[in-house]
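Please treat every number below as a calculation from the coordinates, not as lab data. Not measured: the values here are computed from a predicted model. FYI the Cβ positions are ideal-geometry reconstructions off the backbone, even for glycines, and counts take in every protein chain you see.
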C-alpha cells in the first residue's frame, strides 16, 4: 500500500500561520487541492516534497516518515512534483531535461561519475516519455525556447522520468488555453490509469471539478472541506471562502 | 625553434590551460563562482614541494600527492558552498585564498616568506625533464588529461547533474540530485586538477613562494575562463592561451597586466557575457558561418 498520510501538520513563518493542523490521506485517486490565494496549498506541497520542514506534525508515505528527509530523497521514495513557478533547465534541451529525471536512481552512487547518460536504453526511455507527453517534436530544442504551455508539460515529463508512484502537480493548468487544459486533463487521467496517484493544486474550478475524484479545500491554512466535487460545490463554507476572496479582490481594485 | 624562451612560455601556457579548464568545472559546469582557485594551485605546488624536498620523494609521488591532497582539501573548502550562494560564495572563496596564502607565509614548515627551494626536476628511467622540451611535452600531456576529464565528465550523469545544479538547485533536487553531493564533487575534481597544475609549476620553477598563489592570480584564472567562454571546453583553453601569451607579445603592457584583465572582464560582461568563444558569441558564430560545411557534417555525425 502506498498511502500518503499527512497528520496534524502546521507551518508557521514568523508571525504568519501558513498551515494549521492539516490532516489528510490519499491513496489511488486524483485528489484536488483548492483554495483562495495564500491558503497554504503550495506550502503544503513544499512540506510533503521536503523543500520545507513542518513546524509540527508528521507525514508518512508507504509507512515511511517524510518530514525529516531532503527533497532528493523523497523523489527516490516515489513522490515527484512540479513547480507552480515553472523551473525548466532552460539551457538544456527538452530531451536532456527528461534525461535528468531518468538519472534519479544513478545520482546517489559513484557510477554517476563514470557512466555516460546518453545510452540507447536511456534515450529510449526519454523518447517514450516525450511521446507520452506529446513533446517529441521539441526533443532537441532548448527548454527555454518552448511556449509556456509546453514548458508546463515538460515539468510533468521531467517529473514522470523519475518514475513516481505519486505525482504532485502545482497549478499545471495555469496560463493554458481551454483547449490545452483539456489535453492536460486527458494526460493526467491517462497517468492515473497507469497507476500513478495524483494530487493537483488548481485555481481553475471547472478544471478541478471535472478532473478530481475528491477535493480538499484549504482556506487560511486550514482544511475547511474534504469531499467529492458535487458536495464541495454546494458547501457553504467553500462558497464563502471564495466569495470572501472575490470581495477582497474588488475592494483592492 | 624550441629555444628556452619559447619552451618557457609554452610550459606556462600549458599550466594555465590546465588551471582554466579545472576552474571551468566549478564555474562553468556547477555554476559555483570561485575567486580562490589560486589557493588550490598553491596547495598542489606546496604539497609537491614538501613531498620532494622535506620527505625526499620523487616528482611523480609529489604530483600524485598534490592531486590527491588538493582534491581532499577542495572537498573540505567546498563546504561553505553548501551554505552560501552566489556573491557570498565569491567572498567566501576569496577569504579561503587569503587564509591559504597566510598559512604558507607564516607557518615555518612551509618555509615562510622564503618559500621552499631546490625542488628536483622529474626524471624517468634516468632521463631528466628539467627545462627541456620533454618537460613541455609532459605539461601539455597533463593539459590534455585535464581536457579529457572535463570532456568525459560532461558526458556522465554527474555532468548532467552539475548542469541541473547550476541552472536551478530546487529543480535539481526535484529530479533526485543531491545538490550538496554534486557541489562537493565539483570542488574536489576542480581542486585536484588545479593541484596537479601546481605541482608542474613548482617543479618547473624549482621553488615555491606564497605570493605566487595570491588572490590576483585567482582573478587572472577566472578571467581566462570568462573571457574565453565559460562552460565550453574551447573557451578556457583559448582564454588561457590568449591571456598567458599576450603579455609576451605586448611587452610594454606587462606592468598593466591586471588593469587589462580587469578592463577586459568589464567589457566582456557588458558585450559578450558568454565569452569570446561562447556558443552565441560573435567570433564563434562567425567561425561557424565560415566553416559551415565541416561544422554541419560534424553535427550530423553527432546526431547519428
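Okay, here's what the table says:
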{"item": "Alpha carbon centroid spacing (whole Å) that separates the stretch A:130-198 from the stretch B:75-103", "result": "40"}
{"item": "Packing-based exposure ordering (other Cβ within 10 Å, fewest first) of B:46, B:261", "result": "B:261, B:46"}
{"item": "Cα-based helix-to-principal-axis angle, A:120-132 vs chain A, degrees rounded to 10", "result": "40"}
{"item": "Three-way shape call for the stretch B:40-169 based on the alpha-carbon gyration tensor, with the a/c threshold at 1.5", "result": "oblate"}
{"item": "Separation in nanometres of the label points that stand 7 Å from Cα toward Cβ, at residue B:123 and residue B:149", "result": "2.8"}
{"item": "The stretch B:4-273 pair-distance distribution - Cα-Cα, 5 Å bins, rounded %", "result": "1, 7, 13, 18, 19, 17, 13, 7, 3, 1, 0, 0"}
{"item": "P(r), alpha carbons of chain A - 10 Å bins starting at zero, rounded %", "result": "7, 29, 35, 21, 6, 1"}
{"item": "16 Å reach of a label modelled at residue A:236, 7 Å along Cα-to-Cβ, counting backbone N of the stretch A:9-24", "result": "none"}
{"item": "Cα convex hull of the stretch B:134-214 - mean projected area over all directions, nm²", "result": "6.6"}
{"item": "Label point 7 Å beyond Cα of residue A:7 along Cβ direction - residues of the stretch A:39-67 with amide nitrogen under 15 Å", "result": "A:56-67"}
{"item": "Once the Cα gyration tensor of the protein assembly as shown is diagonalised, semi-axes √(5λ) in Å", "result": "53, 25, 21"}
{"item": "Per-pair calculated FRET efficiency, R0 = 30 Å: residue B:279 and residue B:79 via Cβ, rounded to 0.05", "result": "0.40"}
{"item": "Over chain B: helical MRE at 222 nm, DSSP H runs n ≥ 4 each giving -39500 (n - 2.57), nearest 500", "result": "-22500 deg cm²/dmol"}
{"item": "Residues B:94, B:268 arranged by fewest to most Cβ contacts within 10 Å", "result": "B:94, B:268"}
{"item": "Once the Cα gyration tensor of the stretch B:218-261 is diagonalised, semi-axes √(5λ) in Å", "result": "20, 11, 6"}
{"item": "Angle in degrees between helix A:148-160 and the longest Cα principal axis of chain A, rounded to the nearest 10", "result": "70"}
{"item": "Sites residue A:29 and residue A:124 - FRET efficiency at Förster radius 35 Å, r taken between beta-carbons, to 0.05", "result": "0.70"}
{"item": "Rel. contact order, % - alpha carbon contacts under 8 angstrom, at least six apart, chain A", "result": "26"}
{"item": "Spin-label pair residue B:260/residue A:16, simplified geometry with 7 Å Cα→Cβ offset, distance in nm", "result": "5.3"}
{"item": "The stretch B:199-262 and the stretch A:1-55: distance between their alpha carbon centers, rounded to Å", "result": "52"}
{"item": "Simple label model, 7 Å out from Cα along Cβ direction - residue A:141 to residue B:248, nm", "result": "4.8"}
{"item": "Gyration tensor verdict on the stretch A:21-89 (Cα atoms; rounded if a/c is under 1.5, prolate if a/b is larger than b/c, oblate otherwise)", "result": "rounded"}
{"item": "Value of relative contact order over the stretch B:4-273, rounded to a whole percent, pairs C-alpha under 8 Å and six or more apart", "result": "37"}
{"item": "Cα gyration tensor category, rounded, prolate or oblate, for the stretch A:141-182 with a/c compared to 1.5", "result": "oblate"}
{"item": "Tilt relative to chain A, helix A:178-193 - C-alpha long axis, 0 to 90 degrees, to 10", "result": "80"}
